[in-house]
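Everything on this sheet refers to the single structure shown next.
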Amino acid sequence: MNILLMTVLSGLVLFAGGCARKDIIPDRLEGKVDRDLRYSDLKNDPEAKKGKLMLAGGKVLSAKRLEDGTTRIEVLQIPLSDALMPTGHETESQGRFVVIDRSGQVSDPAVFDDKNTRITAVGEVLGTTTIQIDEAQQQVPQLALKHVTVWDWDQVKGGYNPYYGYGHPYGWGYGSYYGYSY
């Protein structure tokens, strides 16, 4: 009986984790995202990856609405965990990237104002753009936003917890996601 119970519980935990990923990659984009495309591949040759959809995550450094209505989000890249959330280890960053929202998915850039805001973005590779880092200009990868998940910092810091924010039975189906989808 204990083996059967453990098997059922294991299946439910896997199901909950699967639901969490569904929120990060919406159905309309599932199967279109190149899950093998890594930031390091993009950084080395962004022009060769143009048009591909990828997952990228990290800490939001700035977000602002431009004159043409586009929202520009500058992100310090942080590797994603198996739950597709930034791990919180800034020292593992391989650089920065910019996410451009031309479709108005981000209602207001103020949602990124917290200095610890972490995101996972599904974006289409556009190539590169130039940013200012201190007194130097640098070319960084640029993505067109298709979907973004904003993570609760306490959850990212604490790691994966399928019951975060909900009591035991209510955690099923919510997985590790406790953020906002835009």
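Subtracting the Cα-Cα distance of residue 103 and residue 136 from 0.36 nm times their residue separation leaves 8.9 nm of extension gain. By the Kirkwood approach, averaging reciprocal distances over each pair of separate Cα atoms, region 27-160 gets a hydrodynamic radius of 14.9 Å.
Put a dot 7 Å past the Cα of residue 67, heading toward its Cβ, do the same for residue 40, and the two dots end up 4.1 nm apart. Between amide H atoms placed 1.01 Å from N, distances below 5 Å from residue 34 occur with 53, 54, all of them 5 or more places distant or on a separate chain.
Rule-based calculations on the coordinates, nothing more; no lab input. The structure displayed is predicted, hence computed values, not measured ones. When we count neighbours, we look across all protein chains shown, and the Cβ atoms used for this are built from the backbone with ideal geometry, even at glycine.
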